[in-house]
Amino acid sequence: MSPSLDILNILFARIHILSQHVWLVDSNGNSCLHSLCSSYQGDPTSVENIVGCFERIVHEASRESFSDIMSKKRAIQFMSLQNHHGCTALHYLVDMLIDEDITCLILDKALKISSELASIVDFDGESLLHYCAQEGVSYPVSVYRTILNHYPEIIQLKSNDQKRPIDCLLEVGSSNMRKVILF
C-alpha cells in the first residue's frame, strides 16, 4: 500500500521546514553548526552529532548535477556563516579541539569543498591558523598541517593587530613551533 498524497505532501513540507531551520541563528549569530562545535562535552554523542552534521553538509556539497551545484554553494555559505564575533563553526572547531583526528577529518572534508573557508577571519582578523597558534604548546601539529595543505597562503594572513600566525606562536613560545615550521 502506497502512502496517500496528503501524507507525502506533509512529509515534504516537514523536510522543507527542517532544511530552513538549519539557517536559523541564535541571538549571538550562532548557527546550529556553531552550537554543536561550541557545546562539545567530550562524550561520544557530541562527537557523532558534530561529525554527522559536517558529513551531511559535505555529502550535499559533493554531488555533481546542476541542482547539486546549488547544494555545494549552499554548503559553502552555511559553513561560512559568521556569528557576532566573526567566527565560523570551523573557528569553534579549531578552538575547542574536539579530538585531534576528528578535527583533522572535519577540516579536511570541509576544506576539500572550498579551501577558501580557511581564509575567513573573525572580526579581529584572526584565521583558523591564528586560533591554532594561540593555543601554543599543546596544539597538535596535524591540525596545522591539515589547514596548510589546503590553504598554504593562510600563513601570511595578518590579524587586525598585524600578527601572522607565526607571530602568535612566537608569543606563546610553543614547543611545537619547530615542528610546525619544519613540517
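Mind counting the residues in the range 77-132 that are within 26 Å of Glu171 (Cβ to Cβ), among the β-branched types (Val, Ile, Thr) and outside any loop (DSSP other than H, G, I, E, B)?
Selection size over the range 77-132: 2.
Being under 16 Å from the mean Cα position of the chain (by Cα) and more than 18 Å from Ile102 (Cα to Cα) is the filter here; which residues of the range 116-143 pass it?
Residues satisfying the conditions are Glu116, Ser119, Ile120, Val121, Asp122, Glu126, Ser127, His130.
Just the residues that are under 21 Å from Gln77 (Cα atoms) and either surrounded by fewer than 20 Cβ atoms within 10 Å (Cβ to Cβ) or touching a Lys or Arg at 6+ places or on another chain (Cβ under 7 Å) (or both), please, taken from the range 123-149.
Phe123, Asp124, Gly125 - these are the residues of the range 123-149 that are under 21 Å from Gln77 (Cα atoms) and either surrounded by fewer than 20 Cβ atoms within 10 Å (Cβ to Cβ) or touching a Lys or Arg at 6+ places or on another chain (Cβ under 7 Å) (or both).
In the range 150-158, is there at least one residue being in contact (Cβ under 8 Å) with a residue 12 or more places away in the chain, of a type in the set (Asp, Glu) and within 22 Å of Gly29 (Cα to Cα)?
no
Values quoted throughout were computed directly from the atomic coordinates according to the rules given, and no laboratory measurement underlies them. Computed from a predicted structure; not experimentally measured. Here the Cβ is made from the backbone with ideal geometry for all residues, glycine too, and neighbour counts use every protein chain on show.
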